[in-house]
Amino acid sequence: MSTGLISIVAILSIVIWSAVSRELVKSSKKNDKENNGRKIITLMTAGTLLTLLLTISLFQHIPF
């Protein structure tokens with residue numbers, strides 16, 4: 001993976017995990033738990049996949 005693409009994925013990952021954090025704070029204040037739960041699960045899945053992609057890329061670039 002090129003450095004530019006890794007940078008874009010890293011920025012997206014940060015944005016998604018920030019959105020997860022905001023939704024978790026919102027869900028503790030609101031009563032609409034079901035809708036927020038779906039949104040949180042979707043964001044966490046996307047964040048996990050992007051983080052996994054970044055981790056795999058990191059390990060591929062480590063010289064042994």
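The values are calculated or read from the model by the stated rules, or taken from the named source; none is laboratory data. Treat the numbers as computed from the prediction; the structure is a model and nothing was measured. Backbone-built Cβ (ideal geometry, glycine too); neighbour counts: all protein chains shown. Ligands, DNA and RNA are stripped out before the accessible areas are found, and what is left, the full protein with its side chains, is counted by its heavy atoms. Shrake-Rupley method; radii C 1.70, N 1.55, O 1.52, S 1.80 Å.
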Selection from the range 37-56 of residues that are within 15 Å of Val15 (Cβ to Cβ), out of contact with any Asp or Glu (no Cβ under 7 Å at 6 or more places or on another chain) and either open to solvent by less than 50 Å² (accessible area, probe 1.4 Å) or among the aromatic types (Phe, Trp, Tyr) (or both): Ala46, Gly47, Leu50, Leu54
Considering the range 1-44 alone, what residues qualify as being in a helix (DSSP H, G or I), at pLDDT below 90 and of a type in the set (Lys, Arg)? Lys26, Lys29, Lys33, Arg38, Lys39
Residue within the range 9-16 that is closer than 30 Å to His61 by Cα, polar (S, T, N, Q) and free of Cβ contacts under 8 Å to residues at least 60 places away in the same chain present: yes
Residue that is surrounded by the fewest Cβ atoms within 10 Å (Cβ to Cβ), among those in the range 13-36 that are hydroxyl-bearing (Ser, Thr, Tyr) and more than 30 Å from Ser2 (Cβ to Cβ): Ser28
